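Just below is one structure, and these are the notes that go with it.
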Amino acid sequence: RIDGPKKVETKIKIVERVPEVRVKRKKTKIDRTLTMSGVASILRRGVRLVKSCYQRAIKRGVAQGKINVVLTINGLGRVTDVELTSNTLNLPHVDACVKSLARRLKFPPPSDGQEAEISFSLVFRSKK
C-alpha cells in the first residue's frame with residue numbers, strides 16, 4: 001500500500017446543465033372532439049421522453065429555443081402526422097427525436113371518430 005494525499009483538489013469546476021422541457025399550456029390548442037385532460041397527460045409523458053434528446057444536445061453547448069408542433073390524430077387516437085411549424089431551437093437531431101417520439105404517442109380517440117389536431121409549443125432551456 002502506498003500512502004498518498006487524503007484529498008486531491010482540482011481547480012476545475014464541473015457544472016452539469018439540467019434540461020428543462022415544458023409545454024406552454026396557454027398555447028395548446030386541441031380539437032373540440034378531444035378532452036384537455038386526456039391530451040395533457042399524454043403530452044406530459046411525451047415531454048419526459050423528449051428531455052433525453054435535449055440532454056444530449058446541451059452536453060455539446062447551451063441551446064435554448066421553442067418548437068411549435070402540430071399533431072394530426074386519427075379516429076383511433078394514433079398520430080398520423082407531425083409538423084414542426086416554427087423552430088427557434090435549430091437542432092436537427094432534436095427535431096427528428098420530437099417527430100419520432102410524437103408518432104409513437106397514443107391519445108384518447110376523438111369523440112366523433114374523425115381526425116383531430118393538437119397544436120402546442122415545446123420550450124427548451126437548460127439551467128445550471
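Every read-out reported here was derived from the displayed coordinates using simple, explicitly stated rules and does not represent laboratory data. Here the structure is a predicted model, which is why all the values come from computation and not from measurement. So basically every Cβ, Gly included, is an ideal-geometry build from the backbone, and we count neighbours across all protein chains shown.
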Q.
If a paramagnetic tag sat 7 Å from the Cα of SER86 along the Cα-Cβ line, which residues of the stretch 94-128 would have the backbone N under 17 Å from that point?
A. 118-125
Q. What is the distance in Å between the Cα centres of the stretch 104-126 and the stretch 55-85?
A. 10 Å
Q: Quote the FRET efficiency, to the nearest 0.05, computed for LYS24 versus THR72 with a Förster distance R0 of 25 Å and r equal to the Cβ-Cβ distance.
A: 0.80
Q: Count charges around VAL79 for me, please; just the other residues with Cβ under 9 Å from its Cβ, Lys/Arg as +1, Asp/Glu as -1.
A: +3
(Q) With an 8 Å Cα cut-off and a minimum separation of 6 or more residues, compute the relative contact order for the stretch 34-128 in percent. (A) 39 percent
Q) What are the semi-axes of the equivalent ellipsoid of the stretch 36-128, taken as the square roots of 5 times the eigenvalues of the Cα gyration tensor, listed largest first and rounded to whole Å? A) 26, 12, 11
